[in-house]
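Trainee: Dropping the structure in here first, questions after.
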Amino acid sequence: MSDQVNSLVDHYFRNEYGNAVSYLTAKFGTRHLELAEDAVQEALFKAMQNWSYSKIPNNPSGWIVTVASNKIIDQLRKSSCLEGSNATYTEPIVHQEINLESIQDDVVKMMFACCRPALSSEYQIILTLKILGGLSVKEIARALLKKEETIAKSYTRAKRKFQEENVQLELPQPVEIKNRLNTVLHIIYLLFNEGYKTTNGDELLKKDLCHEAIRLNGILLENNDCNVSVSNALMALMYFHSSRFDARVDKEGHLVTLEFQNRSHWNQDYIRKGMEYLEKATKGSFINEFYLQATISGLHCEAKQYNETKWSDILELYDTLTRLNPAPMVKLNRVVALGKANSPNDALTELKLLESNPQIENHYLYYAIKAEFLVESGNIEEGKIATLKAISLTNNTAEKQYLQRKLALLPE
């Protein structure tokens with residue numbers, strides 16, 4: 001029973017944490033954001049304890065929000081008594097009154113509130129990933145390629161500023177929605193990526209996180225002001241990636257790279273949905289980063305076999321993408337396409353130009369890619385050294401085991 005409960009609580013933490021915090025923050029005010037976070041975490045802890053010895057409630061989400069809400073009410077009453085305030089607070093609620101499906105608007109409002117211009121772009125991202133995504137400091141640090149200590153300090157400052165402003169959770173005017181939308185979508189994609197390639201632990205995938213990102217984007221698409229090319233392109237990209245879930249890990253839980261995936265296991269319904277959203281994304285001003293990434297992913301999905309991949313077309317798309325966004329990780333992904341479309345030596349030349357970049361010089365993926373092209377070019381010993389470096393830098397068990405298997409297969 002305990003394993004089932006732990007799994008269920010983890011599921012609800014990943015899927016309902018942001019819902020619950022958004023609902024409670026809208027109910028009690030942003031000045032009580034920290035209290036809402038603590039109450040939800042305590043409710044999840046109580047769920048893990050109580051459900052192990054009793055029947056899991058019919059409405060687990062409602063149970064979590066109820067316990068958290070009543071905890072906040074209790075805390076506020078105690079505070080008012082200590083401060084001599086005459087303020088009164090709502091009577092405790094019962095879980096039957098709460099339907100989390102009805103608070104989707106609160107989630108959208110929270111997303112746009114976290115992305116208010118008064119906060120720096122970094123604060124916006126960290127605040128949203130922590131509150132709505134429930135990501136840990138370590139997970140956010142990896143997503144933003146920053147140190148954990150830096151992220152922890154930034155989150156504390158961002159939360160303090162957010163609480164001090166005591167903003168109302170409401171949708172901004174259409175013109176302001178447009179200004180904040182790109183940041184909101186970027187954050188949703190960071191959330192998806194953390195699920196698609198987990199930072200820590202034994203699992204390679206955390207599908208709940210990926211599905212949560214798709215759900216959040218789906219909520220945005222229901223709003224006319226948010227249903228634009230870039231949000232449809234992001235949806236296409238996430239569906240294309242999600243279509244490969246069942247092929248990315250074998251029966252033993254080992255990582256399977258794109259080259260060796262059984263493409264008959266790819267989810268064709270997800271690919272069709274991806275194509276539909278990509279078609280919608282072509283309306284209006286559609287040359288954006290997500291559109292280019294989705295088109296690249298779509299080309300992978302169209303290839304019946306790995307050797308049928310249109311690497312030259314993918315490289316051309318990456319050339320355009322790097323002009324729009326010359327970020328180090330975008331350039332690193334372009335190197336892969338360059339090596340496949342041209343030659344391993346061309347890829348190694350480009351990698352040399354990136355090796356001193358502080359954002360990727362200690363990222364395992366840089367060394368894993370370098371190792372692959374070193375081996376392909378015949379430099380086996382250097383390839384082994386790069387593989388060992390990659391192994392030392394990854395915290396994910398599945399990735400570490402994959403690299404160790406690759407290393408073991410290299411000739412002496």
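Trainee: Could you give the angle, 0 to 90 degrees to the nearest 10, between helix 60-83's Cα long axis and the longest principal axis of the Cα atoms of the chain?
Mentor: Helix 60-83 and the main axis of the chain meet at about 50 degrees.
Trainee: Need the full-extension length gain, residue 157 to residue 313, defined as separation in residues times 0.36 nm minus the C-alpha distance. One decimal, nm.
Mentor: Details: separation 156, 0.36 × 156 = 56.16 nm, distance 4.41 nm.
Full extension of this stretch gives 51.8 nm more.
Trainee: Between residue 173 and residue 330, what is 0.36 nm times their sequence separation minus the Cα-Cα distance? Round to one decimal in nm. It would help to have the intermediate numbers written out before the result.
Mentor: Working: separation 157, 0.36 × 157 = 56.52 nm, distance 3.28 nm.
Contour length minus Cα-Cα distance gives 53.2 nm.
Trainee: Please give the helix 229-242 orientation as an angle from the longest Cα principal axis of the chain, in degrees from 0 to 90, rounded to the nearest 10.
Mentor: 70
Trainee: Per 0.36 nm of contour for each residue apart, how much would the distance between residue 412 and residue 249 grow if the chain were fully extended, relative to their Cα-Cα spacing?
Mentor: Numbers: separation 163, 0.36 × 163 = 58.68 nm, distance 2.79 nm.
The span from residue 412 to residue 249 would gain 55.9 nm if fully extended.
Trainee: In the full protein assembly as shown, how much of residue 34 is accessible to a 1.4 Å probe, in Å² to the nearest 10?
Mentor: Spelled out: residue 34, probe radius 1.4 Å, area about 80 Å².
Trainee: Hey, if we sort 69, 120 by accessible area with the 1.4 Å probe, largest down, what's the order? The partial results should precede the final answer.
Mentor: Numbers: 69 0, 120 55 Å².
Sorted by accessible area, descending: 120, 69.
Trainee: Can you tell me the dipole magnitude for segment 313-412 around its Cα centre, using point charges on the Cβ only (Lys, Arg +1; Asp, Glu -1), in Debye to the nearest 20?
Mentor: 280
Trainee: Still on this model: Report the local net charge at residue 305: Lys and Arg +1, Asp and Glu -1, summed over other residues whose C-beta lies under 15 Å from its C-beta.
Mentor: Charge balance in the 15 Å sphere: +2.
Trainee: Just to make sure I understand: if all protein chains stay in place, what is the order of 366, 189 by accessible area at 1.4 Å, largest first? Mind showing how you got there, number by number?
Mentor: On the way: 366 5, 189 30 Å².
Highest to lowest solvent-accessible surface, that is 189, 366.
Trainee: Can you compute the modelled spin-label distance between residue 138 and residue 219, with each label point 7 Å from Cα toward Cβ, in nm?
Mentor: 2.7
Trainee: From largest to smallest, what semi-axes in whole angstrom does segment 305-363 give when each is the square root of 5 times an eigenvalue of its alpha carbon gyration tensor?
Mentor: Details: eigenvalues 84, 37, 17 Å².
Sorted largest first and rounded, they come to 20, 14, 9 Å.
Trainee: Can you compute the charge dipole magnitude of segment 178-294 about its Cα centre, using +1 on each Lys and Arg Cβ and -1 on each Asp and Glu Cβ, nothing else charged? Give it in debye, rounded to the nearest 20.
Mentor: Details: 14 positive and 15 negative charges, 62 e Å.
It comes to approximately 300 debye.
Trainee: Within the accessible area of the chain, what % is carbon and sulfur when the probe is 1.4 Å and the other protein chains stay in place?
Mentor: Numbers: 9410 of 19890 Å².
Of the solvent-accessible surface of the chain, carbon and sulfur hold 47 percent.
Trainee: Okay, moving on. Place the peptides 382-388, 404-410 in order of packing, highest mean first, counting for every residue the other Cβ atoms within 10 Å and averaging per peptide. Walk me through the numbers on the way to the answer.
Mentor: Details: 382-388: 18.4, 404-410: 12.6.
Put in order of decreasing packing, that is 382-388, 404-410.
Trainee: For labels at residue 149 and residue 381 in the simple 7 Å Cα→Cβ model, what's the distance in nm?
Mentor: 3.8
Trainee: Once phi is turned into ³J(HN,Hα) by the Karplus curve 6.51 cos²θ - 1.76 cosθ + 1.60 with θ = phi - 60°, what whole-Hz value does each residue of segment 360-375 show in order, with x for glycine and proline?
Mentor: With coefficients 6.51, -1.76 and 1.60, one gets 10, 5, 10, 9, 4, 5, 4, 6, 5, 5, 4, 4, 4, 6, 5, 5 Hz.
Trainee: Pairs 352/389; 273/310; 130/389; 130/178: which exceed 26 Å Cα-Cα? Each step should come with its number before you reach the end.
Mentor: Working: 352/389 16 Å; 273/310 21 Å; 130/389 30 Å; 130/178 23 Å.
Too far apart for the 26 Å limit: 130/389.
Trainee: A further question on this structure: What distance in nm separates the simple spin-label points at residue 49 and residue 265, each placed 7 Å from Cα in the Cβ direction?
Mentor: 4.1
Trainee: Between helix 174-196 and the chain, what is the angle of the helix's C-alpha long axis to the longest principal axis, kept within 0 to 90° and rounded to the nearest 10?
Mentor: 60
Trainee: Now, a different point. Ranked by accessible surface with a 1.4 Å probe, highest first, in what order do 320, 349 come? Show your work: numbers first, answer last.
Mentor: On the way: 320 40, 349 85 Å².
Greatest to least solvent exposure: 349, 320.
Trainee: Quick one: accessible surface of residue 285, probe radius 1.4 Å, all protein chains present, in square angstrom to the nearest 10.
Mentor: Here the accessible area works out near 100 Å².
Trainee: Determine how large the accessible area of residue 381 is when every protein chain is in place; take a 1.4 Å probe and give Å² rounded to the nearest 10.
Mentor: Estimated to the nearest 10 Å², residue 381 gives 110 Å².
Trainee: Under a 1.4 Å probe, what is the accessible area of the chain per residue, stated in Å²? Intermediate results must be reported in sequence, preceding the final value.
Mentor: On the way: 19890 Å² over 412 residues.
Per-residue accessible area for the chain comes out at 48 Å².
Trainee: Can you tell me the dipole magnitude for the chain around its Cα centre, using point charges on the Cβ only (Lys, Arg +1; Asp, Glu -1), in Debye to the nearest 20? Working shown, then result.
Mentor: Numbers: 47 positive and 52 negative charges, 74 e Å.
Charge dipole, the chain, about its Cα centre: 360 debye, nearest 20.
The values are calculated or read from the model by the stated rules, or taken from the named source; none is laboratory data. Remember, it's a predicted structure, so these values are computed and weren't measured experimentally. Here Cβ is always computed from backbone atoms with ideal geometry, including for glycine, and neighbour counts include all displayed protein chains. The area values use the complete protein model at the heavy-atom level, side chains included, leaving out ligands, DNA and RNA. Shrake-Rupley method; radii C 1.70, N 1.55, O 1.52, S 1.80 Å.
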